[in-house]
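Comments concern the structure below.
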Amino acid sequence: MKSKLLLLLFVPCVLFSQSKLGKAKESLSKTSSSSGNSSTNSSSSSDDDDDDFDFFSMLFEDIFFEIAYHSTLGIAFGGANYTEMNPYPYYNNHGEFTNDFKDANKRSSIKIGTNYLINRINALEINTVLKPIPIAGLEVSYLNFAENTLLNSESLNITSINANYYRVRENHFSLWWGIGGTYVGKEVDTWGFAYNLGVDIYPVKPISLHLGWRQSFINNNTVDVFKSQVKYHIKRAALYTGYHNYKLGSETISGLVLGIEYSF
């Protein structure tokens, strides 16, 4: 009798302690032949998060696909107007790019940043953007998620590499899109195709706004990343906060982020 009572007490604890990252890795590991009814196994809380994510992702995609069409597809990639880059954003009251050519301007840049997601599941991201020329760049992102439950701890790391085309490069506004690949480690161990869209807006010194979207196709599922940030620039450095939303297969993780970046 005592053993049955202990079992009844223990089972809810086990169910409650199931790892969200574990479910994410399981869903990202499934291929088309083994996916089955995996979509029906997510919890009601995950469904609520997915609804929120779908709203933001659909809104973001509608806006940016419209912009991307007119700025790229509509004019077959367009002409590469000559621009240069400021030593750092707001160097001469312009944003990152400038048409006001000066001796201090440069043709290449490196930007390195890191941010921390404040959530029950923590996430640390390191992001590097190398622009050898103003019109093109290479973006490398490393994400590490960590979760502690009553029974164990889980982690998941994601590395993305994208070649970006900076189609719109105005004094106070820039827009880009890119393609590349994403590698999901920690038991998933799979590469997948990825694409991204982004925009930076420099309305007034020292504030800027950043919006970004990246989708990666992993096995029979996706890893979707939505970012919205407000940055405060201090010469070459920038402090920022914002909202990040990550859809890792069947699971969604979102929350406030705090970050810092530096321009070289």
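The values are calculated or read from the model by the stated rules, or taken from the named source; none is laboratory data. This one's a predicted model, so the numbers in the text were calculated from it and none came from an experiment. With ideal geometry, Cβ positions are generated from the backbone for all residues, glycine too; neighbour counts draw on all protein chains shown. The protein model used for the area step is the full one, side chains on, heavy atoms only, and it has no ligands, DNA or RNA in it. Shrake-Rupley method; radii C 1.70, N 1.55, O 1.52, S 1.80 Å.
Quick rundown of the values:
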item: For Asp103: the one exception among (1) among the charged types (D, E, K, R); (2) modelled with pLDDT of 90 or more; (3) farther than 26 Å from Tyr243 by Cβ; result: (2)
item: Count - residues of region 165-191 that are closer than 20 Å to Pro87 by Cβ and among the polar types (S, T, N, Q); result: 2
item: For Thr241: the one exception among (1) touching a residue at least 24 places away in the same chain (Cβ under 8 Å); (2) open to solvent by 20 Å² or more (accessible area, probe 1.4 Å); (3) more than 11 Å from the chain's Cα centre (by Cα); result: (1)
item: Within region 196-213, tally of residues that are more than 21 Å from Phe145 (Cα to Cα) and among the aromatic types (Phe, Trp, Tyr); result: 1
item: Any chance Val168 is under 19 Å from Phe193 (Cβ atoms) and of a type in the set (A, V, I, L, M); result: no
item: Index of the failed condition, Ala123 passing every other in (1) open to solvent by 10 Å² or more (accessible area, probe 1.4 Å); (2) assigned to a strand (DSSP E or B); (3) of a type outside the set (D, E, K, R); result: (1)
item: Meets criteria (closer than 19 Å to Phe97 by Cβ and either in a strand (DSSP E or B) or at pLDDT 95 or above (or both)) for Ala194; result: no
item: Tally of residues being surrounded by fewer than 20 Cβ atoms within 10 Å (Cβ to Cβ) and either in contact (Cβ under 8 Å) with a residue 40 or more places away in the chain or not aromatic (Phe, Trp, Tyr) (or both) across region 133-149; result: 9
item: Region 202-224, subset free of Cβ contacts under 8 Å to residues at least 40 places away in the same chain and within 20 Å of Lys131 (Cα to Cα), residue surrounded by the most Cβ atoms within 10 Å (Cβ to Cβ); result: Gly212
item: Looking only at region 164-191, and only at residues there that are over 20 Å from Phe145 (Cβ atoms) and outside any strand (DSSP E or B), the one that is least open to solvent (accessible area, probe 1.4 Å); result: Asn171
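Results for (1) farther than 20 Å from Ala238 by Cα; (2) touching a Cys at 6+ places or on another chain (Cβ under 9 Å); (3) open to solvent by less than 60 Å² (accessible area, probe 1.4 Å), shown as yes or no for each residue.
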position: Asp100; (1), (2), (3): yes, no, no
position: Gly113; (1), (2), (3): no, no, yes
position: Tyr116; (1), (2), (3): no, no, no
position: Thr128; (1), (2), (3): no, no, yes
position: Lys131; (1), (2), (3): no, no, yes
position: Thr159; (1), (2), (3): yes, no, yes
